[in-house]
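For reference, the structure discussed in these notes is given below.
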Amino acid sequence: MQLRALGNSNIQASVIAFGAWAIGGWKWGGTDATAAVNAIDAAIGADINFIDTAAVYGFGVSEEIVGKAIQKHARDKLIIATKCGLRWDMESKHLHAESEGKRIFRTLAADSIQWELEQSLRRLNTDYIDLYQTHWPDPHAMQDDVMETLIKLKKAGKIRAIGLCNASTDDISTACATGQLDVDQERYSLLDQERAQDNLPLCKSNKLAFLAYSPMAQGLLTDKLDTSRQYGEGDLRIDNPRFSKQNIATISKLLEPVKALAADRSLTLEQVVLAWTLQQPGLSHVLVGARTAEQAINNAKAGSVILSAEELQLITSAANQWQGFV
Ligand SMILES: NC(=O)c1ccc[n+]([C@@H]2O[C@H](COP(=O)([O-])OP(=O)(O)OC[C@H]3O[C@@H](n4cnc5c(N)ncnc54)[C@H](OP(=O)(O)O)[C@@H]3O)[C@@H](O)[C@H]2O)c1
């Protein structure tokens, strides 16, 4: 498993991270806590040391599951990342979403961040967070004030590194001018390369880690891609236009040469897709959602795959045929 630094921090994190959104259940049709703990155990056993969760995933459930799973492992060998800024227990000026009978609000006010951090520490059953990230920008908070709050938490020893998610380039520049920012976390996959022209080069020039979320496009870039697949109740993929029959047919076709390459290399499609993503200039880590031990082990193996220039080009040519979701 390759390790790479989280930006300017001295934290070395596995290039494949265990993404813990789906194991929280919310938006993914529920959770099986035992299978989730086993999946995290299997990931750690396969040399993944990096786990990414968030307070809002399952409204605390994901953090609790991660907290349970990590108890049997040495804490100082793990890199635990979580996020703040989405509250479902109070109201702010900015409604982020309504889901499953809950209203989720954005806030990055100083007292809210401090309160959220204490809740995350309790649920994760730990006394520090390795990487603390703002989940979405709060239009009512100044980026330099948010950064000052995070810097105070770092000085207090409660967090080790600071990250932003879903950030504008202005937010990143302001945060860098205020103090040590280490990470930007954005959606990025073979099908979702919007950040390739703005955030990714900015991270590269500021030596920030760029963490790619949803690198398998939530299942569209896996072997399970199939128009007849039925998703369970509460799964975000039901009725999602990205999962339309037309999109699936186009993606299946463009993945044909990638599948052939995977077969030639005795790798899985998922491993080749993740390895290609990890070899994009400036992109440092992929956060991959998994709910079973089998998936976690499969994904972890991508962390030691190196693709040749010709192999990268073959996949890039396939990606270049993608005209976007219809
Ligand atoms: N900062 C943010 O705003 C943000 C937003 C989204 C995600 N994230 C982070 O990124 C992580 C990953 O993103 P994501 O979960 O949205 O998408 P993803 O990693 O692209 O896709 C995850 C889904 O792909 C399927 N899968 C995983 N491994 C597989 C394998 N080896 N073979 C076949 N199918 C496999 C699983 O779905 P099924 O088993 O159900 O098919 C899994 O739930 C999240 O957990 C979270 O940590 C952050």
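Values in this text are rule-based calculations from the coordinates and carry no lab data. Just so it is clear, the model here is predicted, and its values are computed rather than measured. In this analysis, Cβ positions are derived from the backbone assuming ideal geometry, glycine residues included, and neighbour counts consider all displayed protein chains.
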Original post:
How high is the relative contact order of the stretch 140-184, in percent, with contacts defined as C-alpha pairs under 8 Å that are six or more residues apart?
Top reply: 46
Original post:
the chain: D in µm²/s via Stokes-Einstein (Kirkwood Rh, Cα pairs, 10 °C, 1.306 mPa s)?
Top reply: 80
**OP:** Filter the GluC sites (Glu not before Pro) in the stretch 21-108 to those in DSSP coil with at most 16 other Cβ atoms within 10 Å of their Cβ, and list the result.
**Re:** Glu91, Glu100
**OP:** Treat each spin label as a single point 7 Å out from the Cα along the C-beta direction, and report the Lys155 to Asp127 distance in nm.
**Re:** 2.1
Original post:
So for His140, His135, His96, fewest C-beta neighbours within 10 Å to most, what's the order?
Top reply: His140, His96, His135
Original post:
Under the Karplus relation 6.51 cos²θ - 1.76 cosθ + 1.60, θ = phi - 60°, what is the ordered set of whole-Hz ³J(HN,Hα) values for the stretch 281-291, x standing for Gly and Pro?
Top reply: x, x, 7, 9, 9, 10, 9, 10, x, 8, 10
Subject >> Long-range HN-HN contacts of Cys165 with modeled amide H, under 5 Å >> reply: Thr134, Gln185
Original post:
Which residues' amide hydrogens lie under 5 Å from the amide hydrogen of Trp28, considering only partners 5 or more residues apart or on another chain, with H built in the peptide plane?
Top reply: Leu236
Original post:
So what J values fall out for the stretch 307-312 if you push phi through Karplus, 6.51 cos²θ - 1.76 cosθ + 1.60 with θ = phi - 60°, rounded to Hz, Gly and Pro as x?
Top reply: 9, 6, 4, 5, 5, 4
**OP:** Could you work out how far helix 269-278 tilts from the main Cα principal axis of the chain, as a 0 to 90 degree angle to the nearest 10?
**Re:** 50
Subject >> Length gained when the stretch Thr34-Ser304 is fully extended (0.36 nm per residue, less Cα-Cα span) >> reply: 94.4 nm
**OP:** Work out from phi, with θ = phi - 60° and the Karplus expression 6.51 cos²θ - 1.76 cosθ + 1.60, the ³J(HN,Hα) of each residue of the stretch 99-108, listed in order in whole Hz, and give x for Gly and Pro.
**Re:** 7, 6, x, 10, 9, 10, 10, 8, 7, 10
Subject >> Distance violations [Cα-Cα > 19 Å] among Lys77/Lys158; Lys83/Lys158; Lys27/Lys102; Lys224/Lys245; Lys83/Lys224 >> reply: Lys83/Lys224
